[in-house]
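A.B. asks: The structure's right below; bear with me while I get my questions together.
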Amino acid sequence: MIETYLKPFSHNHSIREAVVTIFLGSPIIKPERFQELITKGLGEYFHLFENVNAVQIQIKPGVNGLTPQQTTQQNAGFRFVGFNQGKIGTVFQGINELERTFMSYHSFGYKRWAEFLDNYLSVLSILSQNHEALFIRAVSIHYIDEFTWVSQEPLDLNKIFNDEAKYMSKAFLDSSNTSNFIYTTEKKDGSSLLFDRLDIKVDNKITKNITISHNILKQFDDFKSLSSLLDNEKDFFLESLQKLHNYNKEILNDILNDRVKTLINLPNQ
């Protein structure tokens, strides 16, 4: 039985964290003002508001060659945190970085796609009703799946992955069980671009963990207002999110073997 050597993160799936992110066309101004959303609807989903300070490190030339320089940016963003039985269950944050600004929704208690999507759209609706001037240039979905090898036998990647997968190298399965595998690609989706990154990490030390990180991003052909994506362009937005989710399932369906796919109930995620 597969359960004798492999344990997924949850009893009916392997998703440790699910993230959906929108990338904005301009920085977030005065991120502390988003705290008011707690009293305007987000209090139903989150229990804590935090201002975010960012530490950024840049490599710059100096008298002794290239040297790292650290700067701290005050009020670089905001973060809402929701708790479930004393643990962090959800996070919604907006972050200003040097070259990008984004808002991401994180679930650490993922159950099913429909529930995750409904909760996310509810959060975006409250955001849009109170902050209309938000323009989006891309959206991404990021899943982190985790398995633990529980057998006393040496970790065997061939018992987890499909040796005929088109998205993964056979050499990875035959390598030492402390290897990483990274696959990246860029392709067209109509008039939009898709950026795909698959990262598989194997930790074969004290706790033998296998982590599959898959991030798929869709870049729009033009900036779109958040209010429009939730109104007259909602079908386009939902179709984009569904396509990213389905592509994640396609990747997992390719790289995992049949026994593991059954174990995590992949067709119904």
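The values are calculated or read from the model by the stated rules, or taken from the named source; none is laboratory data. Because the structure is a prediction, the values reported are computed rather than measured. Virtual Cβ from ideal backbone geometry, glycine too; neighbours counted across all protein chains shown.
A.B. asks: Here are some residues: I57, I2. Which one is in contact with a helix residue (DSSP H, G or I) (Cβ under 7 Å, 6 or more places away or on another chain) and modelled with pLDDT under 95? I'd like the intermediate steps shown before the answer.
C.D. replies: Working: I57 fails: in contact with a helix residue (DSSP H, G or I) (Cβ under 7 Å, 6 or more places away or on another chain).
After applying the criteria, what remains is I2.
A.B. asks: Every residue in segment 45-57 that is over 18 Å from T101 (Cβ atoms) and either in contact (Cβ under 8 Å) with a residue 40 or more places away in the chain or of a type in the set (S, T, N, Q) (or both), please. Step through it out loud before you land on a result.
C.D. replies: Filtering segment 45-57 for residues over 18 Å from T101 (Cβ atoms) gives 45-49, 57.
Once the filter is applied, which keeps residues that are over 18 Å from T101 (Cβ atoms) and either in contact (Cβ under 8 Å) with a residue 40 or more places away in the chain or of a type in the set (S, T, N, Q) (or both), segment 45-57 yields Y45, F46.
A.B. asks: Taking segment 1-26, which residues are part of a loop (DSSP other than H, G, I, E, B) and of a type outside the set (A, V, I, L, M, F, W, C)?
C.D. replies: Taking segment 1-26 first, the residues part of a loop (DSSP other than H, G, I, E, B) are 1, 5, 9-14, 25-26.
Y5, S10, H11, N12, H13, S14, G25, S26, listed by residue number.
A.B. asks: Being part of a helix (DSSP H, G or I) and either small (G, A, S) or more than 15 Å from I15 (Cβ to Cβ) (or both) is the filter here; which residues of segment 112-138 pass it? Step through it out loud before you land on a result.
C.D. replies: We begin by selecting, within segment 112-138, every residue part of a helix (DSSP H, G or I); these are 113-130.
Correct list: A114, D118, L121, S122, V123, L124, S125, I126, L127, S128, Q129, N130.
A.B. asks: Turning to a different aspect of this structure: What number of residues in segment 248-269 are within 27 Å of G190 (Cα to Cα) and modelled with pLDDT of 95 or more?
C.D. replies: Within segment 248-269, the first condition is being within 27 Å of G190 (Cα to Cα), and the residues that meet it are 248-255, 267, 269.
Imposing the further condition that a residue be modelled with pLDDT of 95 or more reduces the set to 248-255.
Within segment 248-269, residues that are within 27 Å of G190 (Cα to Cα) and modelled with pLDDT of 95 or more number 8.
A.B. asks: Then there's this: Just name the residue that is surrounded by the fewest Cβ atoms within 10 Å (Cβ to Cβ) out of those in segment 1-34 that are more than 13 Å from the chain's Cα centre (by Cα) and charged (D, E, K, R).
C.D. replies: K30
A.B. asks: Related question: Taking the condition of being of a type in the set (A, V, I, L, M) and loosely packed, with under 15 Cβ neighbours inside 10 Å, how many residues in segment 231-269 meet it?
C.D. replies: Going residue by residue through segment 231-269, those that are of a type in the set (A, V, I, L, M) are 238, 241, 244, 251-252, 255-256, 260, 263-264, 266.
Among the residues that remain, those that are also loosely packed, with under 15 Cβ neighbours inside 10 Å are: 238.
The total comes to 1.
A.B. asks: Also: Pull out all pairs, ordered by first then second residue, where Cβ-Cβ is under 7 Å, the residues are six or more apart or on different chains, the first lies in segment 9-27 and is within 16 Å of F78 (Cα to Cα), and the second is small (G, A, S).
C.D. replies: As it stands, the answer is T21/S104; T21/S140; F23/A138, since those pairs meet every condition given.
A.B. asks: Okay, moving on. I'd like to check something: does segment 143-159 contain any residue that is in contact (Cβ under 8 Å) with a residue 60 or more places away in the chain and over 23 Å from L266 (Cα atoms)?
C.D. replies: Within segment 143-159, one or more residues are in contact (Cβ under 8 Å) with a residue 60 or more places away in the chain and over 23 Å from L266 (Cα atoms).
A.B. asks: Right, something else. Quick test of your reading of the structure: P154 fulfils all but one of (1) over 30 Å from Q35 (Cβ atoms); (2) at pLDDT 95 or above. Name the failing condition by number.
C.D. replies: Only one criterion in (1) over 30 Å from Q35 (Cβ atoms); (2) at pLDDT 95 or above is unmet by P154, namely (2).
A.B. asks: If you don't mind, another one. What pairs come up if the first residue lies in segment 188-212 and is of a type in the set (F, W, Y), the second is surrounded by fewer than 15 Cβ atoms within 10 Å (Cβ to Cβ), and their beta carbons are under 8 Å apart, counting only those six or more places apart or on different chains?
C.D. replies: F195/T184; F195/T185; F195/E186
A.B. asks: From G109, G82, which residue is surrounded by 14 or more Cβ atoms within 10 Å (Cβ to Cβ), in a strand (DSSP E or B) and free of Cβ contacts under 8 Å to residues at least 40 places away in the same chain? It would help to see each step written out before you state the result.
C.D. replies: Values: G109 fails: in a strand (DSSP E or B).
After ruling out the rest, the residue left standing is G82.
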